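Undergrad: My questions will all concern the structure given below.
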Amino acid sequence: MTNPQDSNKLHIAMYPWFALGHMTPYLHLANQLAERGHKISLILPTKTRTRLNHLNLHPNLITFIPIEVPHVEGLPLGTETTTEIPHNYVPHLINARDLTQPQIEALLITLMPNFIFFDFLNWIPALARGLGIKSIFYMAISASVNAYYNVPARKGHEHEEAKVIQHPSGFPPSPIRVHPYQIRPLLDFPKSYENAVKPMLECDALAFRTCREVEGPYCDYLMEQYGKPILLTGPVMQYGLPEASSQVLGDQFWSKWLSGFKPNSVVYCAFGSECILEKDQFQELVLGLELTGFPFLVALKPPSGAKTIEEALPDGFKERIEGRGMVHDGWVPQTKILKNPAIGCFVSHCGFGSMWEALISNCQIVFCPHFLDQFLMTDVLVGGLKVAVDVERSEENGWFKRESVCKAVKLAMDEENKIGREVMANHAKLRDFLVDASAQSSYVDEFVKELQQLAVAAK
C-alpha cells in the first residue's frame, strides 16, 4: 500500500554554475532537502565530484550525476571549474557549459524530476518546459546584486558604464553606491546579462540563499520586476561539516598556533579560493595588518606575478612579524578557525559563503571586497545593517592603503568607539537569529512547502 506522504516527496535535479562557490551551497541545500526525505540528482563535472563527496550527508538520497565539460578553444584541456583558470578565461568556461545542453537534455529525459534548479543558463527553462519539468533559478549569490544588476529595468544598459552606476528604476532606498572601478570587470562578460535576466524571466520561480532579515527589500523588488514567486532558503549554513584537505597544516597545527594568543586578540584574514590580489595590494594588506599591532593569520593565494607567498612579502616583513603573525598560501580549516576563541576579527572579501560564515561567528567583521557582488553586499551590511566595517578605498581606482586596513580593523575591535560598539551590538543581534536552528529550519520548511505547491500546480 502506498504511503500518502510519499506523494509529497520531490525529486529535484540541480545543475549549478561551474564554481565551487556555487556547487557547495547547492549541495548544502540538497542536504537540507534530503533530510526531509526528498531525492536530489546533483549534476557535476566528472572530476569535481570527488571534491564534494565529503559534504554529501545523505548519499542514499543525493546522487552525484557526472557530465563531461566540452573542450572549447581558449580553455585549457581538462578545465572543469573557475578555480582552475584565471578570471579572464571564465568566458570560455561559460561557452563550454553552453555546449552541455545535449547531455543535460538526455539526463532530464531519463531522470524526469519535478524540478531542475540552475543558475546562469538561458536555455534551461525552455528545455525543462518541453519535458514538463519546472525550472527554478536558484542563486547562490545575493539577492541584492541581482536586484541591482540583473533586472529587466536594466535592459539595454548592461554594458553602459555610466548607467550601471545608477540605481535601476524603482530600486528600493539603499546604501548601495556603485563606482566605475567596481563594474569594469563585468564588461568583459558579454553574456552575463543574457544568461541571468533571460532565464529569470522564463523560469517558473526564483530562489535565493538568503533571508528577509538581511535582504528583504531587494527580494520584494525582484518580485515586482519579475512578477513570479521568490522563494528563500535562508542562509543554509551546514554547521560542523567535515572539511576535505590533503594539506600538511591541518586542524591541530592551527589550534596549537592560536592557543598561544589571548581570547579575541587575533585578526584572521582570508579572501576565498579565487581572489588573487595585485602584488602591491597584497603588500598593503599585510602591512596594514602589521600596523594594527594585533597578532594575525592571513590565508591568501600568491598575488599576481608571484609564484609563492614568500617571494611576495615586503622586505623584512617575515622577520618583523615572527611570533605574532603568519601568512599562509594553502588550505586552512576556516570554519574551525572562526570558532577558535583567539579570533577577534575576520577580514573578508565578502564572498557570499564567507559572508554567512562571518555573520554567524563571534568575531568582529571587516570587509575588503574585490568584485561587484561583494561590493554591493558590503554596502548592505556596512551602510544598511551596520554589522561590519569596510576598508576605505581610493575613489579613482578602488585601491586601498595599509593605513586604511589598520584603521578598519582597529575600529571594528574598539569597544570604546561609538561605531565599534554599534557594529558589535548589531552583529550580535543578527548572529543570534542566524544561529537559531528553529528559525533557519522554518525557512527551509517554508521553501519545501512552496515547492510542493508549485509541483501540485504543474499536474
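Here's the yes/no breakdown for (1) over 30 Å from HIS427 (Cβ atoms); (2) part of a loop (DSSP other than H, G, I, E, B); (3) at pLDDT 95 or above:
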position: HIS167; (1), (2), (3): no, yes, no
position: PHE171; (1), (2), (3): no, yes, yes
position: VAL178; (1), (2), (3): no, yes, no
position: TYR181; (1), (2), (3): no, no, no
position: PRO190; (1), (2), (3): yes, yes, no
position: VAL197; (1), (2), (3): yes, no, no
position: GLU215; (1), (2), (3): no, no, yes
position: LEU222; (1), (2), (3): no, no, yes
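Undergrad: Filter the stretch 388-406 for residues that are crowded, with 24+ Cβ neighbours inside 10 Å and either assigned by TED's automatic domain parsing to the domain that holds HIS87 or out of contact with any Ser or Thr (no Cβ under 9 Å at 6 or more places or on another chain) (or both) and give the result.
TA: The one that is crowded, with 24+ Cβ neighbours inside 10 Å and either assigned by TED's automatic domain parsing to the domain that holds HIS87 or out of contact with any Ser or Thr (no Cβ under 9 Å at 6 or more places or on another chain) (or both): VAL389.
Undergrad: Name every residue in the stretch 64-91 that is in contact with a strand residue (DSSP E or B) (Cβ under 8 Å, 6 or more places away or on another chain) and either part of a loop (DSSP other than H, G, I, E, B) or buried (at least 17 other Cβ atoms within 10 Å of the Cβ) (or both), in order of residue number.
TA: Pass one, the stretch 64-91, residues in contact with a strand residue (DSSP E or B) (Cβ under 8 Å, 6 or more places away or on another chain): 64-69, 80-81.
PHE64, ILE65, ILE67, GLU68, VAL69, GLU80, THR81 - these are the residues of the stretch 64-91 that are in contact with a strand residue (DSSP E or B) (Cβ under 8 Å, 6 or more places away or on another chain) and either part of a loop (DSSP other than H, G, I, E, B) or buried (at least 17 other Cβ atoms within 10 Å of the Cβ) (or both).
Undergrad: From the list ILE136, ILE116, ILE94, which one is in a helix (DSSP H, G or I), in the same structural domain as GLU194 (by TED's automatic domain parsing) and β-branched (Val, Ile, Thr)? Break it down into steps so the answer makes sense when it comes.
TA: Numbers: ILE136 fails: in a helix (DSSP H, G or I); ILE116 fails: in a helix (DSSP H, G or I).
Criteria check complete, one pass: ILE94.
Undergrad: Could you list all residues from the stretch 36-59 that are over 24 Å from SER354 (Cβ atoms) and free of Cβ contacts under 8 Å to residues at least 24 places away in the same chain?
TA: Residues of the stretch 36-59 that are over 24 Å from SER354 (Cβ atoms), as a first pass: 36-41, 43, 46-47, 58-59.
Of everything in the stretch 36-59, just one residue is over 24 Å from SER354 (Cβ atoms) and free of Cβ contacts under 8 Å to residues at least 24 places away in the same chain, namely PRO59.
Undergrad: Exactly one condition in (1) at pLDDT 95 or above; (2) in contact with a strand residue (DSSP E or B) (Cβ under 9 Å, 6 or more places away or on another chain); (3) not in a strand (DSSP E or B) is false for VAL380; which is it?
TA: Only one criterion is unmet by VAL380, namely (2).
Undergrad: Being farther than 21 Å from ASN114 by Cβ and without any contact (Cβ under 8 Å) to a residue 12 or more places away in the chain is the requirement here; does GLU84 meet it? Walk me through how you get there before you give the answer.
TA: Numbers: farther than 21 Å from ASN114 by Cβ: yes; without any contact (Cβ under 8 Å) to a residue 12 or more places away in the chain: yes.
So GLU84 fits the description; yes.
Undergrad: A further question on this structure: With of a type in the set (Val, Ile, Thr) and farther than 23 Å from MET139 by Cβ as the only criterion, which of VAL366, VAL444, VAL448, VAL382 stands out? Step through it out loud before you land on a result.
TA: Working: VAL444 fails: farther than 23 Å from MET139 by Cβ; VAL448 fails: farther than 23 Å from MET139 by Cβ; VAL382 fails: farther than 23 Å from MET139 by Cβ.
Of VAL366, VAL444, VAL448, VAL382, the one residue that is of a type in the set (Val, Ile, Thr) and farther than 23 Å from MET139 by Cβ is VAL366.
The values are calculated or read from the model by the stated rules, or taken from the named source; none is laboratory data. This one's a predicted model, so the numbers in the text were calculated from it and none came from an experiment. FYI the Cβ positions are ideal-geometry reconstructions off the backbone, even for glycines, and counts take in every protein chain you see.
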